[in-house]
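First comes the structure, then the notes that go with it.
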Amino acid sequence: MHPRIQVAPLGEWNGTMTSHDYDDDDDNPSAAAPATCTASWAGRFNHDPVEPLLSSGLEDLVYFTKRDLLGKQVSPIKHVWELPAAKNIVRKQQEDGSWKPTRKRPASGVNYRLIETWRKTRVLVEQFQFTKVHPTMRAAAEYILSCQTSEGDIRGILANQYAPYYTGAILYLLIKAGYASDPRIEMGIEWLLHMRQDDGGWLIGSPGIQTRNDLRRAEINKLTSSKDRETITAFDRTMPFSAAGTGMVLRAFSVHPRWHKAPETHQAATLLKSKLFKRDNWRPYQHPDNWLRFQFPFWWTNLVSALDSLSLIGIPASDPSIKEAFDWLVGHQQEDGTWKLSYSRVHANRENSKTRLQAYWVSLSICRIFKRFLQHHG
């Protein structure tokens, strides 16, 4: 039985927002007022990308389209937090701040509550833009950070093994939610820096396992599922980075108010953009079509999630890798102004109500990326 998380009051949530809720810009980089839309970014497309978002009928999507793309005044964010889809997630949160897995899982060293809590937090932060003002977010953050080790990593997804790619993806959400100045976040960032390869990037998977050739599949399965196996801490730092792993870690640095301009961040960003459309150095994400399978909220590294980080870090739109990515996105826009969820030739491309919904959010992400690059770095 997990203990109940005691969440300290923070302008106690009562369904209303005050001016104080917007003051902590250092902790919430997304809190700044949106810039006014200009034709400089929207004019790059062959079809209007905004109209299909506005006519989607999705209240949260329309809200962020008006705010982020058109620079319109919108109601306070609490309006989005009160939408039925958001409240449905909030309602299922457990007393300890976690969410239970949606299906029964076998007993193992894998912390399935942590995985499910990360999954739900992705939606709350990315789609509904929850911050630590909301008690649900505070409880979720405390549960997640209760899984942080004394070394600084968030552990449990690969049982007792290191997982820098997941630690980076989780810290990204907490930073966006307003926890940048929390010392536990800084400890996590420092751990991620310690886990880099010599080239300045990160691996996918657990470094201590990935860089060993003597481990059979059965042993790897035991290492990543048993709570009784010790952490493999040593790994070969001379091996090349993984774009898939580096992209997930880099998200945390891209939204951090201090680290997003750091030399270490730009070094990793340079590595990431050098691999756009190319094969990864590591399996199982080697095929270049992994770049063309999109998701929202972000999970694995792909062209859209990578560009989102690169735009926040300050890579200029004139960079040849960015120009190539822009040309690809312009060339693959559909006639209705949106983008498909996947252009991959090696993955099953299912189309259903869920994927069509995600495709709208991916299209909004692409528009945000173009606007950010062309207004601030163009």
| Counting alpha carbon pairs within less than 8 Å and at least 6 residues apart, what relative contact order, in whole percent, applies to region 35-377? | 18 percent
| task | Please get the size of the charge dipole for region 90-142, origin at its Cα centre, with Cβ charges of +1 on Lys and Arg and -1 on Asp and Glu, quoted in debye to the nearest 20. | result | 260 debye
| message | For region 226-294, take the convex hull of the Cα atoms, compute a quarter of its surface area, and give me that in nm², please. | response | 6.7 nm²
| field | D_trans [Stokes-Einstein, Kirkwood Rh over alpha-carbon pairs] for region 217-259, 37 °C, 0.692 mPa s, µm² s⁻¹ | value | 246 µm²/s
| For region 134-180, rounded, prolate or oblate, judged on the Cα gyration tensor with a ≥ b ≥ c (square roots of eigenvalues), a/c < 1.5 rounded, else prolate if a/b > b/c? | prolate
| said: Could you compute the net charge surrounding Pro49? Neighbours are other residues with a C-beta less than 13 Å from the C-beta of Pro49; K and R count +1, D and E count -1. | reply: -2
| message | How many angstrom lie between the Cα centre of region 86-161 and the Cα centre of region 327-358? | response | 29 Å
| said: From the P(r) of the chain, could you give the percentage of C-alpha pairs in the tail past 37 Å? | reply: 18 percent
| remark: Magnitude of the Cβ-charge dipole (Lys and Arg +1, Asp and Glu -1) of the chain about the Cα centre, nearest 20 debye, reported as 1240 debye
| message | Give me the dipole magnitude in Debye, nearest 20, for region 280-325 about the Cα centre, with unit charges on the beta carbon: positive for Lys and Arg, negative for Asp and Glu. | response | 80 debye
| said: So for each of 337-347, 361-371, 177-187 I average, over its residues, the number of other beta carbons within 10 Å; can you give me the resulting order with the highest mean first? | reply: 361-371, 177-187, 337-347
| said: Counting only other residues whose beta carbon sits under 12 Å from that of Leu69, what net charge do I get with K and R as +1, D and E as -1? | reply: +3
| message | Return the equivalent ellipsoid semi-axes of region 73-174 as a descending list in whole Å, where each equals the square root of 5 times an eigenvalue of the C-alpha gyration tensor. | response | 26, 15, 11
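No lab work stands behind these numbers, since they all come straight from the coordinates. Predicted model only: the values in this text are computed from it and were never measured. A quick note on method: Cβ atoms are made from the backbone with ideal geometry, for glycine too, and the neighbour counts reach across all protein chains shown.
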